[in-house]
Amino acid sequence: MQPNRLERVWHFVKPEILQRWGKLTNGDLENCQYQYDLVVEAIRRTYFEGRSHLSLEGEIRDWLNKRIDHYEKSDKIH
């Protein structure tokens, strides 16, 4: 994943992250500083502590990638 993909669509994806994973706060996401891996870890840590990292991270990454792809394909960021 290119490091700037999430940052380019952050203002679209961030509200969706907060809606889907409502226990996260704006502060939690701001601490991630648009870093994809830190966002995934914040979600996993908040919601899935103690469960297998690989399967959960895969689910979270799949969801994030779909949202990023959606906005990259739209005319909203061009």
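The HN-Hα couplings worked out from phi for the range 62-69 by the Karplus form 6.51 cos²θ - 1.76 cosθ + 1.60 (θ = phi - 60°) are 4, 5, 4, 4, 4, 5, 4, 4 Hz, whole numbers, x standing for Gly and Pro. Label separation (residue 73 vs residue 56): 2.9 nm, computed from points 7 Å beyond Cα along the C-beta direction.
The angle between the Cα long axis of helix 10-20 and the longest principal axis of the Cα atoms of the chain comes to about 40 degrees, rounded to the nearest 10. Rounded to the nearest 20 debye, the dipole magnitude of the range 4-73 is 160 debye, with +1 charges on Lys and Arg beta carbons, -1 on Asp and Glu beta carbons, and the Cα centre as origin.
With 0.36 nm allotted per residue and the present C-alpha distance subtracted, the residue 46-residue 23 stretch has 7.6 nm of extension available.
Between the residues 24, 48, 12, the greatest Cα displacement towards the positive end of the dipole of the range 10-55, with unit charges on the Cβ of Lys, Arg, Asp and Glu, is found for 48. Per q in 0.15, 0.16 Å⁻¹, report the Debye log10 I(q)/I(0) for the chain, using one uniform scatterer on each alpha carbon and no solvent. With no solvent term, the Cα-only Debye profile gives -0.48, -0.55. Only helices enter the 222 nm calculation for the chain: every DSSP H run of n ≥ 4 contributes -39,500 (n - 2.57), and dividing by all residues gives -22000 deg cm²/dmol, rounded to 500.
Cβ-to-Cβ counts within 10 Å put 29, 38 in ascending order as 38, 29, the fewest first.
Throughout, read-outs are computed from the coordinates displayed, never taken from laboratory work. Since the structure is predicted, the reported quantities are computational estimates derived from the model, not experimental observations. Quick reminder, even Gly has a Cβ in these numbers, built from the backbone with ideal geometry, and neighbours come from all protein chains shown.
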